[in-house]
Amino acid sequence: MPTLKEVEFYLKGLWLLFKQDPAGFSYLDLTDRGAIRSFWSILWALPAILISFAWWRLLYLQRLPDGTGIDTVFFFRLALIEACNWLFPLVLLGVLCWMIGIGEKFSSMVVVANWLALPVSYSYGLLVLLMMFVPALSGIVAILWLLLMITLIAALFRIVRMIVGDHLLMVSTIVMVLLVPSMIIAEVLERYLGVYPG
């Protein structure tokens, strides 16, 4: 498992790439081994993920009769949805890279997507904590969530552009493949598995 120092190193690389500084590549392990190791970011993001699970539990309990509890199956289903959200876009990305002939870039994009998910997870976790403890700020939190999404899109666009070059249509397609399917599959699975709070 990468140490905290290594994670800081990777995040600095992402920041440099976001600023369009090619030196950022030297901070990241963009090999196949690096792509596999980047999945440790899931474990590093676990505290933030658990915060979102706690929030989802509160939302779900609101629709249930008083005195009704939630068993471990509920959290297992949330974990399954989280895993699908994390992995499914990467599978689609692999297919896309193979189809358009940039398979050699796939490992680099997996590394970027996985480590970029880490600060995003903690930012989202912070917004969830605000919703949980200061519900009156829900309007401000909604605006901050929108800003977080815009920042994520901009970061992915700029970093992917550093990897594949100035092919704007290709970059846009890759960003869409990394973001849109996870939004769709999350709601579909939440409803299918019976954990949707609405």
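The values are calculated or read from the model by the stated rules, or taken from the named source; none is laboratory data. Source: prediction; values computed, not measured. We place every Cβ from the backbone using ideal geometry, glycine too, and count neighbours over all the protein chains shown. The area values use the complete protein model at the heavy-atom level, side chains included, leaving out ligands, DNA and RNA. Shrake-Rupley method; radii C 1.70, N 1.55, O 1.52, S 1.80 Å.
Which semi-axis lengths, in whole Å and largest first, follow from the square roots of five times the eigenvalues of the Cα gyration tensor of the stretch 115-198? All intermediate terms of the calculation are to be shown ahead of the outcome.
Values: eigenvalues 152, 66, 20 Å².
Semi-axes (√(5λ), whole Å): 28, 18, 10.
Using a probe radius of 1.4 Å on heavy atoms only, what accessible surface per residue do you get for the stretch 71-198? Whole Å² is fine. Before the final figure, lay out the partial values.
Values: 6840 Å² over 128 residues.
Value returned for the stretch 71-198: 53 Å² of accessible area per residue.
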| message | Just to confirm the number: angle between the C-alpha axis of helix 46-61 and the first principal axis of the chain, 0 to 90 degrees, nearest 10? | response | 30 degrees
| On a 0 to 90 degree scale, rounded to 10, what angle separates helix 4-18 from the longest Cα axis of the chain? | 70 degrees
| task | Evaluate the Debye formula for the stretch 76-163 with equal point scatterers sitting on the alpha carbons, no solvent, and hand back log10 of I(q)/I(0) at q = 0.16 Å⁻¹, in q order, two decimals. | result | -0.78
| message | Between Leu43 and Leu168, how high is the FRET efficiency from 1/(1 + (r/R0)^6) when r is the Cβ-Cβ distance and R₀ = 30 Å? Nearest 0.05. | response | 0.30
| Segment Ser138-Thr72, extension gain: residue separation times 0.36 nm, minus the distance between their alpha carbons | 20.9 nm
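Using the Cα centre as the reference, give the magnitude of the dipole from point charges on the C-beta atoms of the stretch 36-156 (Lys, Arg: +1; Asp, Glu: -1; all else neutral), rounded to the nearest 20 debye. Walk me through the intermediate numbers first.
Details: 5 positive and 4 negative charges, 16 e Å.
For this selection, approximately 80 debye.
Taking the convex hull of the Cα atoms, report for the stretch 1-117 its projected area averaged over all directions, in nm². Provide the component values of the computation, followed by the final result.
On the way: hull surface 37.3 nm².
Answer in nm², one decimal: 9.3.
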| task | For helix 168-192, report the angle its Cα long axis makes with the longest principal axis of the Cα atoms of the chain; keep it between 0 and 90° and round to the nearest 10°. | result | 20 degrees
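Suppose R0 equals 22 Å; then what is the FRET efficiency for Phe9 and Tyr122 from their Cβ-Cβ distance, rounded to the nearest 0.05? All intermediate terms of the calculation are to be shown ahead of the outcome.
Numbers: r = 17 Å, r/R0 = 0.78.
Once the sixth-power term is evaluated, E becomes 0.80.
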| note | Between the modelled labels at Ile36 and Val180 (7 Å from Cα along Cα→Cβ) the distance in nm is 3.3 nm
| query | Once both labels are modelled 7 Å past Cα along the beta-carbon direction, what's the Arg63-Ala23 spacing in nm? | reply | 5.1 nm
| query | Hey, could you pull the Cα Rg and Dmax for the chain, both in Å? | reply | 17.9, 57
| request: Can you grab the distance from the C-alpha centre of the stretch 92-124 to the C-alpha centre of the stretch 26-56, Å, no decimals? | output: 12 Å
| Pair Leu80, Glu104: separation of 7 Å Cα→Cβ label points (nm) | 4.1 nm
| field | Positive-end residue of Gln20, Gln62, Leu30, charge dipole of the chain with Cβ unit charges | value | Gln20
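Phe53 to Leu87: extension gain in nm, 0.36 nm per residue of separation minus the Cα-Cα distance? All intermediate terms of the calculation are to be shown ahead of the outcome.
On the way: separation 34, 0.36 × 34 = 12.24 nm, distance 1.82 nm.
Between Phe53 and Leu87, full extension yields an extra 10.4 nm.
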| Modelled FRET efficiency - R0 22 Å, Tyr196 with Ile153, Cβ distances, 0.05 increments | 0.30
